[in-house]
Protein chains: 2
Amino acid sequence: AAIHGEGDDLVAVEIANDPNTTPWTDPTFTGTRWPLADVRLLTPFLPPKIVCIGRNYAEHATELGNEVPEAPIMFLKPNTAVIGPGAEIKLPPDSSRVDFEAELAVVIGVGGRDIPAERAMASVLGYTIANDVTARDQQKADGQWTRAKGHDTFCPLGPWIETNFDPSDVAIRTELDGEVKQDSRTSLLLHDVPALIEYISAVMTLRPLDVILTGTPAGVGPMEPGQTVSITIEGLGTLSNPVVQRV
Amino acid sequence: AAIHGEGDDLVAVEIANDPNTTPWTDPTFTGTRWPLADVRLLTPFLPPKIVCIGRNYAEHATELGNEVPEAPIMFLKPNTAVIGPGAEIKLPPDSSRVDFEAELAVVIGVGGRDIPAERAMASVLGYTIANDVTARDQQKADGQWTRAKGHDTFCPLGPWIETNFDPSDVAIRTELDGEVKQDSRTSLLLHDVPALIEYISAVMTLRPLDVILTGTPAGVGPMEPGQTVSITIEGLGTLSNPVVQRV
């Protein structure tokens, strides 16, 4: 389905099951529509790869006692970590601190390699919200961040892909059980979306539906079983996930 | 195609184009066969994810001045880095030292999560050879290893998947332009294949055709444009790739 409307008037509109429909063509609609509140949204898509950027807001870098890096810090999350809106984040039994990290997620459309910043926006299909869930104790213990950030359910994505969106200066906010924890703006990104696409695509080919997680602002903190974490990015909606203990 | 035979008598046998053929069923053969020398092998498959293990041979850990870690060090390579036998490893212009790293690669069959070591071998489809190509200067500079190990062409895989193979004690050898550089045995793996499958699948779900790179023995070193790097694992064949400069 596609999501149409604005503010409180969002509706899900059914897309016809047409084999010629792709993310790059205008879909055919069946005419069936539901109020968004009556719909359970699934993961909007499964990205082939998830390229993440660390310490891309200065205040977040310093809150964890790190210096602000000159070049972007690149790492990967496995796509087996992806869950959709409303799905449970499962805390692994071998970690004693698992943090939320609100991030603007860039969904690649055309892809390619060696994409210059000036042409980077043409390679973007749209934007969504990601939670770069992190086992903070494992991140510190391992050196490499793959285990700490790679557990199943550690990459909530959604609620949908917004294809008509300017990422340069919007509010990004995290609430944990309704209490505001992160509250920043994407204008504070140290390396903006075009710069990240240029940097990453000089290393590895970007494929359609690959995702770039652009880094988290200050205010990260731990989640406990029974809590709900909600990330809102102005213009992209809200990504909410309950937290449970994995047994 | 499948590869049949032993030693110098290897032949490629054509598999019938039957939509019911999967890696988990016995294929139907057309009867057509070619001597292996007359065949150009492509990448045997595209893994959904490539989970790598660092410092899994004690002598290699210490040759780079590192301690031997207690738990496996896990990291990911993007599957956009995969190339097949004979394809060119392209040295990026922004690195001054790119090393070969010979590794036994485990190809997952059934997959799953929380796979205990005792049952791990049942989840393996087969084995092949990988070269965990690494820009050593970028690895040191970045802290995270993703850029250093994630460049396009930095994951040669092949020459084929061997489904009838005991990985516990075979020779692994790297030659650079015919000169032996790495020469070890898989019996020296600090964490063996069942232990790695248990460790990784406790974090992330393993999917069919995911690959585990089990770490490299001592003797890593740089490659120059014009050279050819060849990795031989006893029972798995030889993976050879020429090295060129990316312009």
Rounded to whole Hz, the Karplus (6.51, -1.76, 1.60) HN-Hα couplings of segment B:183-196, x for glycine and proline: 7, 9, 9, 5, 5, 8, 4, 5, 10, 7, 4, x, 5, 5
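Students often get this wrong, so check it: of A:181/B:149; A:90/B:149; A:181/B:77; A:140/B:90; B:77/B:181, which have C-alpha atoms separated by over 27 Å?
A:181/B:149; A:90/B:149; A:181/B:77; A:140/B:90
Using Cα pairs closer than 8 Å and at least 6 residues apart in sequence, work out the relative contact order for chain A, in percent.
In percent, rounded to a whole number, it is 26.
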Order of A:4, B:60 from fewest to most other C-beta atoms within 10 Å? A:4, B:60
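Is there a simple number for the mean count of other chain Cβ atoms within 10 Å of the Cβ of residues in A:43-49, and what is it?
Across the residues of A:43-49, the mean count of other-chain Cβ atoms within 10 Å is 2.
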Which one, B:56, B:66, B:17, has the greatest fluctuation when you compute a Gaussian network model over chain B with C-alpha springs under 10 angstrom? B:17
Can you report the principal axis dimensions of the protein assembly as shown using only the alpha carbons, biggest first, rounded to whole angstrom? 71, 52, 48
Which ordering of A:55, B:185, A:40 is given by a fewest-first count of other beta-carbon atoms within 10 Å? A:40, B:185, A:55
What is the packing order of peptides A:109-120, B:150-161, taking the mean over residues of other C-beta atoms within 10 Å and listing the highest first? B:150-161, A:109-120
With one decimal in nm and the nearest listed first, the spacings from residue B:70 to its own position in the other copies, using label points 7 Å along Cα-to-Cβ, are 3.6
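What are the semi-axes of the equivalent ellipsoid for segment B:159-247, taken as the square roots of 5 times the Cα gyration tensor eigenvalues, largest first, in whole Å?
26, 16, 13
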Using the per-residue mean of other Cβ atoms lying within 10 Å as a proxy for protection, in what order, highest first, do the peptides B:212-225, A:72-85, A:163-176 fall? A:72-85, B:212-225, A:163-176
With x for Gly and Pro, the residue-by-residue ³J(HN,Hα) of segment A:150-156, computed from phi through the Karplus equation 6.51 cos²θ - 1.76 cosθ + 1.60 at θ = phi - 60° and given in whole Hz, is x, 4, 3, 6, 8, 9, x
From zero up to wherever the largest Cα-Cα distance of chain A sits, split into 5 Å bins and tell me the percent of pairs in each. 1, 6, 14, 18, 20, 17, 12, 7, 3, 1, 0
Give the chain A residue with the shortest beta-carbon distance to the rotation axis relating chain A to chain B, plus that distance as a whole number of Å. A:76, 2
Shielding score for B:72-85, defined as the mean number of other chain Cβ atoms within 10 Å: 5
Once the label point is placed 7 Å from Cα along Cβ, list for residue B:244 the distances to the corresponding points in the other copies, in nm, shortest first. 5.2
Applied in sequence order to segment B:205-211, the curve 6.51 cos²θ - 1.76 cosθ + 1.60 (Karplus, θ = phi - 60°) yields integer Hz couplings, x standing for Gly and Pro, of 4, 8, 9, x, 6, 4, 10
Ranking of A:149, A:49 by count of other Cβ atoms within 10 Å, fewest first: A:49, A:149
Per residue of A:178-184, how many C-beta atoms from partner chains lie within 10 Å of its own C-beta, taken as a mean? 0
Kirkwood calc, segment A:103-224, C-alpha pairs only, radius in angstrom 15.5
Using the alpha carbon gyration tensor of segment A:11-107, what are the three equivalent-ellipsoid semi-axes (square root of 5 times each eigenvalue), largest first, in whole Å? 35, 18, 13
Taking the Cα of residue A:114, stepping 7 Å toward and past its beta carbon, and measuring to each backbone N in segment A:190-206: which are under 16 Å? A:198-206
The protein assembly as shown - mean residue ellipticity at 222 nm from DSSP helices (-39,500 (n - 2.57) per run, n ≥ 4, rounded to 500): -3000 deg cm²/dmol
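Bear in mind these aren't lab numbers, they're just calculated from the coordinates by the rules spelled out. Bear in mind that the values here come from a model prediction, so they are computed numbers and not experimental data. Positions of Cβ are generated from backbone atoms using ideal geometry, with glycine treated the same way; all protein chains shown enter the neighbour counts.
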